[in-house]
1. When the residues of the range 31-70 are filtered to those that are under 18 Å from K17 (Cβ atoms) and in contact (Cβ under 8 Å) with a residue 12 or more places away in the chain, which remaining residue is surrounded by the fewest Cβ atoms within 10 Å (Cβ to Cβ)?
2. Do we find that E35 is under 11 Å from the mean Cα position of the chain (by Cα) and charged (D, E, K, R) in this structure?
Amino acid sequence: MNRSKCKSSSDVAGTVKKRQEITMETKVKIIERMEQGEKMVDISHSYNMNHSTTGMILKNTDKIMEHVKS
């Protein structure tokens, strides 16, 4: 059997999206915007990131804020 990995459409087109490093400052700004009542989807679009990434930042709010304080 031939079990080769399937290439995603971005791999085939040669436009592989590279990972974007998110600084602590950006994470804090995202948390502050959510606390002000802004929608997660709007925040995600403004930083050009997936909504699941924004959700993970919000899930780890305590750890992020603790790191910033130290």
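Bear in mind these aren't lab numbers, they're just calculated from the coordinates by the rules spelled out. As the structure is a prediction and not an experimental result, all values here were calculated from the model. Note that we place each Cβ from the backbone using ideal geometry, even for glycine, and neighbour counts take in every protein chain shown.
1. Within the range 31-70, the match that is surrounded by the fewest Cβ atoms within 10 Å (Cβ to Cβ) is N48.
2. no
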